[in-house]
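Chemist: I have a structure here, written as C-alpha cells, and I will follow up with some questions on it.
Bear in mind that the values in this text are calculations on the coordinates, not laboratory data. All values reported here derive from a predicted model rather than from experimental measurement. Here Cβ is always computed from backbone atoms with ideal geometry, including for glycine, and neighbour counts include all displayed protein chains.
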Amino acid sequence: MVLRIRLLANYLSNLPGLASATLIFNDTPFNDFTSLSRTINKNWPSLSQDGKISISPLKVPKSFFGQVLPDKFVDAGFSFTALHWLQCMPSSFEPSVLAEYAHEDLLSFLSARHREIRPEGILTLCIPCHGPIGVDPAVASLQASIRSLASTSHVDPFFEVRLPLYFRTMEQILSSINAERGKWVVKSHVTVPIMHPSWSSAVLDKSATDMAAKVRYVSGITGFTIAACSRFLTDEMGEYPKKRDLNGPALPFGVLTEATFLEDLSACYRDD
C-alpha cells in the first residue's frame, strides 16, 4: 500500500498548477480500511506536496467489477496488482476455464471504468502477469501448512487450497482490451519484474551470513500471503477451525478467534 501511495504522490507532483484533488480508494468490504487510513495519514505530506494541494480522500467499499462511481466522474484511474484475482471461484481450475473467467472479468472491469472516466481521461493498470515460477510454490507451502495444523486444530487434512487466481499473459490482456471495441487506446505497455519490498540479494546468500535478511524476507512473504489468502481459505472451510483439546483445558466453543487461527497458520507457513 505504501508503494501505491507513493505512485499517486508522484502522479500528483507532475500536474503543475493543481490546487486540489479528490482521491478515491476502492476495494472490497473485506479490505483493511483502518490500515489504509493510517497509511494515507502517514504519507499525507507527499500526497499534498507539503500542503500545496488540498487533498480529499474518500473510500468506496465495493467490488470494482461493477460501476462504483458516477458516469464521467474520474480524470485518472489506477489499478494496482488486484486484477489477477477472479470475481468468482471458478467451476474448474483447468487453464482454459480460468482464462475464460479472467477474460470476462477484465471486460467487466474495463466496461465499468469506461463509464466512470471522463473523455480524454487515463487508466493505468498494473496487472501481475504469467511468469516462469508463478504462485505454485506458495500454494504448495500453504497446503502443507494447513495440513500440519490438523494435529492441533480441527482441520481436514485433505482440505484442498483453492484460490481464484489467474495470471494472464500480455497477449491475453491486450486481447481483452481490444475486445472493448475501440473504447480504449493503449498508449504504452511494458512488462516489469517486481520483487517483494523485503527482497535483497542477501536472501540468496548460501553462506547464511545475513540471516536477518532471510528472516525479514520470509516474514514479509508470510504476512503478504496470509493477508491475501485468508478470506478465501475460511470461505471454503466455513469457519476458523477450533483448536483440539491436547492435554489441557478445553477451549469454550467459539473462543478461537480469527487472529488465533491466522497466527497458527502464519507460524506453520513461515517454518515451511
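Chemist: May I ask you to give the average projected area over all directions of the convex hull of the Cα atoms of segment 65-115, in nm² rounded to one decimal?
Modeler: On the way: hull surface 15.1 nm².
Average of the hull's projected areas for segment 65-115 equals 3.8 nm².
Chemist: Which peptide among 35-45, 162-172, 184-194 comes first, and what is the full order, when sorted by highest mean count of other Cβ atoms within 10 Å?
Modeler: Ranked from most to least packed, the peptides come out as 162-172, 35-45, 184-194.
Chemist: Express in % the proportion of alpha carbon pairs of segment 1-144 at distances exceeding 19 Å.
Modeler: Counting every Cα pair in segment 1-144, those more than 19 Å apart make up 61 percent.
Chemist: Let me ask another. With a/c under 1.5 counting as rounded, go ahead and sort segment 1-59 into rounded, prolate or oblate using the C-alpha gyration tensor (a ≥ b ≥ c being the square roots of the eigenvalues; past the cut-off, prolate if a/b is larger than b/c, else oblate).
Modeler: Since a/c reaches 1.5 and a/b is larger than b/c, the shape of segment 1-59 is classed as prolate.
Chemist: Under the 0.36 nm per residue contour assumption, what length would be gained going from the current alpha-carbon distance of Met170 and Ser63 to full extension?
Modeler: Working: separation 107, 0.36 × 107 = 38.52 nm, distance 2.37 nm.
Residue separation times 0.36 nm, minus the Cα-Cα distance, leaves 36.1 nm.
Chemist: May I pose another question? Can you give me the C-alpha center-to-center distance between segment 60-117 and segment 160-197, rounded to a whole angstrom?
Modeler: Centre-to-centre distance over Cα atoms comes out at 11 Å.
Chemist: Please report Glu100, Glu120, Glu94 as a ranked list, fewest other C-beta atoms within 10 angstrom at the top and most at the bottom. Each step should come with its number before you reach the end.
Modeler: On the way: Glu100 14, Glu120 6, Glu94 10.
The order, fewest Cβ neighbours first, is Glu120, Glu94, Glu100.
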